[in-house]
1. Counting only protein heavy atoms, what percent of the accessible surface of the chain is carbon or sulfur at a 1.4 Å probe?
2. Shape of the range 63-114 from its Cα gyration tensor (a ≥ b ≥ c, root eigenvalues): rounded if a/c is under 1.5, otherwise prolate when a/b > b/c, or oblate?
3. Could you let me know the centre-to-centre spacing of the range 1-41 and the range 76-141, using Cα atoms, in angstrom?
4. Filter the GluC sites (Glu not before Pro) in the range 97-132 down to the DSSP loop ones having no more than 12 other Cβ atoms within 10 Å, then list what survives.
5. Whole number in Å², please: accessible area per residue of the range 66-141, 1.4 Å probe, ligands, DNA and RNA not counted.
6. Would you mind telling me which residue in 94, 125, 14 has the biggest mean-square fluctuation in a Gaussian network model of the chain, where springs connect alpha carbons within a distance under 10 angstrom?
7. Determine the gain in length on full extension of the stretch residue 43-residue 133; use 0.36 nm per residue of separation and subtract their C-alpha separation, reporting nm with one decimal.
8. Looking at the square roots a ≥ b ≥ c of the eigenvalues of the Cα gyration tensor of the range 1-101, which shape do they give, rounded for a/c under 1.5, prolate if a/b is larger than b/c, or oblate?
Amino acid sequence: MGEPLFVYGTLQFGPVLTELIGRVPAMEPARSIGRRAAALPGRAYPGLVTATGSVTEGYLLTGLTADEWRVLDAFEDDEYDLLPVSVHAGERVGYAWTYAWTAEVEDHEWSPAAFASEHLPRYVGKCAAWRRNLVLLSETV
């Protein structure tokens, strides 16, 4: 898949991407109109849901390889669906893939700043452990 991925939650953080795919791909600021990054019950990460009048800030990741897409697909919960969404990047409007949430959400928005200050180091550690387990599983096949 050579198409961009719109990220709005934990995948917008370089250390998370580095642990998952081994690098930080090209990132461009972008936003999705008519969607919000909702806080999720009991989770440190958000879910993107439809919300009239809302705008979600994030980034377009470009240049992802097929292997990197497979890792990200495996990483995302079953409650996410990979869907195309309209995005605005600078003066351009187009479509990108995103992981949209399909389950229960909180009434308030998810905060990237709060995530960075309260959860990022521990979350990066969990990503590293998850990736090690994925590698171990793939080596036994």
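1. 54
2. Here the range 63-114 falls in the oblate category.
3. What the calculation gives is 6 Å, centre to centre.
4. 104
5. Ligands and nucleic acids excluded, the result is 64 Å² per residue.
6. Answer for the Gaussian network model of the chain: 94.
7. In short, 30.3 nm is gained.
8. oblate
The values are calculated or read from the model by the stated rules, or taken from the named source; none is laboratory data. As the structure is a computational prediction, the values presented were derived from the model and not from experiment. All Cβ positions, glycine included, derive from the backbone under ideal geometry; neighbour counts span all protein chains shown. Remember, those area values only see protein heavy atoms, side chains included, never the ligands or the DNA or RNA. Shrake-Rupley method; radii C 1.70, N 1.55, O 1.52, S 1.80 Å.
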